[in-house]
Each structure stands twice: as structure tokens, then as C-alpha cells.
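Nothing in this text is a laboratory measurement; each read-out follows from the coordinates by a stated rule. Bear in mind that the values here come from a model prediction, so they are computed numbers and not experimental data. Virtual Cβ from ideal backbone geometry, glycine too; neighbours counted across all protein chains shown.
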Amino acid sequence: AAAEKALTPRTKAVIAVHSFGIAADMAALSKIGPPLIEDCAHGLMESNMGGQGDVTITSFYTTKLVAAGEGGAVLADDPAIAAAVRAARDYGDQHASALRQNDKITDLCAALARIQLARLPEMIERRAEMARAYLNSFSALSEKGVFTLPQDIPGRVWYRFCIGVEDVGEWITKLDRKGVIADRPVWDWREEGGPARLGPCPAADAAHQSLLSLPLYPSLSRQEQKQVCVAVGAIAGAMA
């Protein structure tokens, strides 16, 4: 409903993001009119994520589900869209165009991405295992109202584990003192200005002001995760 109300005659496409690994309502968004771009950088491998938009995009950046360092992929069934993407990918050997960035993934990063894709189900399951460990460890603190926990929604991918806190900056500082790196999962770029016309973003504003992303990645050892839990528990205990 909010996306439909935000449409204007200038709207060329709608981008749906499976934020933090929670599936966007692709069925509803596909009915509002403009071409739909599905951003799967936070969510892959589930039946409700991928291949549901006119175009699907994903990222292979270091912190993403497929962590190849840099690069990404564009998927489309429409041959014309695929041809346009291939043309925009390469700058040389074509007529000059400012639309072409020549910003291709390197062969080394592509090789890493292929290996990571083969291991993606295993890595997603490891993320889910870590998320369950966090949920079990923090349930009592959440019940006391120290912070809120993310919902374990069926069909989600645990790209991030974000807790809701009153003062994100304070938590980041205190966790850093205990050797734990945590950060905001959402940043407000509107303060930087730029050509984009940005309207109210209440959900993003709330996420920016209250969410804290804890370490969650396949190579995080169980001992390291236990240290994160101990640090969070100590800080929360002092606040309770």
C-alpha cells in the first residue's frame, strides 16, 4: 500500500528488497504497475525469493550471502533486458556511451562467487544455526524488555541478526570495548543531499534509530559467538 501511494508519473520501476533476509511481498508489489526489480542481496535460496520480479539483482560484496569480495549479478528472462545489461557491462569495443561503467567483476572474484554459490545452502543453514543460538541466549533478556529480538519468520534467510535497542550508539561503543564489532544495519543518506527526491521513510527511520546488527556470518566460530553473547548479556544486565 505504501509503495503504491508513493508512485508518481516519474516512477520508472519499483525496487523490492528482501531486507535482512525477510521476503518482501512480491505478489502485492507486482500488481501496482511499474516494472519490478527484485533485490536479492539479503535473501536467496528460498521459494519466495528470486525470479519473481521483471529483473532480479544480487550482490557478491564481502558481507553478502555470496561473499566474493566485489561484483554482483543481474538475472532476467527477457532477452532484451539481458542484452541491455551485457551491453552496459562493457565499455570498450562499442560506440561510446556514458551509461557504460566498465565496472565488471574480476575473474578472481567470479571464481570465488562460483565456489560460494555451490556452498550457499550449507552457509545459509549455518547462519540459521547461529540465529537460533542467539534467540535462545537472549530470550530471557528480551522478556525483561532490555531489547527486542528479530522474528523467526518461516522462510526467512538469516542475513542479519538485528536487535532493537534504545540507544544504538551506546551499544556500539560498549560492545566495542568488549571486543565485539556491531553496527547499524541502516544508514540515513538523506543528510548528504544529492539529486534524489526522497520523501518520508518511516520504516527505514525506525530501523536506523533502533536496530543493532550483531555478528552473523558462516565463519564465526561457536566460541566467538559465545563471547558475543556474554558481552551482550553483561551490557544488558547492567541496564536492566
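In this structure, residue 176 and residue 45 have a Cβ-Cβ separation that, at R0 = 30 Å, corresponds to a calculated FRET efficiency of about 0.40. With a Cα cut-off of under 24 Å and a minimum spacing of 8 residues unless on different chains, the lysine pairs in the chain number 9. Computed about the Cα centre, the dipole magnitude for segment 145-202 is approximately 180 debye when only Lys and Arg (+1) and Asp and Glu (-1) carry charge, each at its Cβ.
About the Cα centre of the chain, how large is the charge dipole given +1 on each Lys and Arg Cβ and -1 on each Asp and Glu Cβ? Please answer in debye to the nearest 20.
Numbers: 25 positive and 28 negative charges, 49 e Å.
Here the chain has a charge dipole of around 240 debye.
Please sort 158-170, 126-138, 92-104, 219-231 by packing, taking for each peptide the average over its residues of neighbouring beta carbons within 10 angstrom, highest first. All intermediate terms of the calculation are to be shown ahead of the outcome.
Numbers: 158-170: 18.8, 126-138: 16.9, 92-104: 9.0, 219-231: 13.8.
So the order, starting with the most tightly packed, is 158-170, 126-138, 219-231, 92-104.
Nearest-5 percent of antiparallel DSSP beta bridges in segment 1-134? Close to 35 percent.
Multiply the residue separation of residue 219 and residue 133 by 0.36 nm, subtract the distance between their alpha-carbon atoms, and state the gained length in nm to one decimal. It would help to have the intermediate numbers written out before the result.
Values: separation 86, 0.36 × 86 = 30.96 nm, distance 1.50 nm.
Length gained, residue 219 through residue 133: 29.5 nm.
Normalised by the number of residues in segment 162-240, the mean separation of alpha-carbon contacts (under 8 Å, six or more apart) gives a relative contact order of 43 percent.
Based on the Kirkwood radius over alpha-carbon pairs, what value in µm²/s does the Stokes-Einstein equation return for the translational diffusion coefficient of segment 2-118 at 25 °C and 0.890 mPa s? Rounded to a whole number, D works out at 157 µm²/s. Out of every Cα-Cα pair that segment 121-239 contains, those further apart than 21 angstrom amount to 42 percent. Summing Cβ point charges (Lys, Arg +1; Asp, Glu -1) relative to the Cα centre of segment 1-117 gives a dipole of roughly 220 debye. Site pair residue 11 and residue 140 shows an inter-label distance of 4.8 nm when each label is modelled 7 Å from Cα along Cα→Cβ. For segment 47-120, the relative contact order comes to 28 percent (Cα pairs under 8 Å, sequence separation of at least 6). Taking the alpha carbon gyration tensor of the chain, multiplying each eigenvalue by 5 and rooting it gives semi-axes of 34, 22, 18 Å, largest first.
What is the gain in length, in nm to one decimal, between residue 188 and residue 209 on full extension, counting 0.36 nm per residue of separation less the C-alpha to C-alpha distance? Write down the numbers at each step before the final one.
Working: separation 21, 0.36 × 21 = 7.56 nm, distance 0.95 nm.
Taking residue 188 through residue 209 to full extension adds about 6.6 nm, to one decimal.
For the chain, relative contact order (Cα pairs under 8 Å, six or more residues apart, normalised by length) works out to 15 percent.
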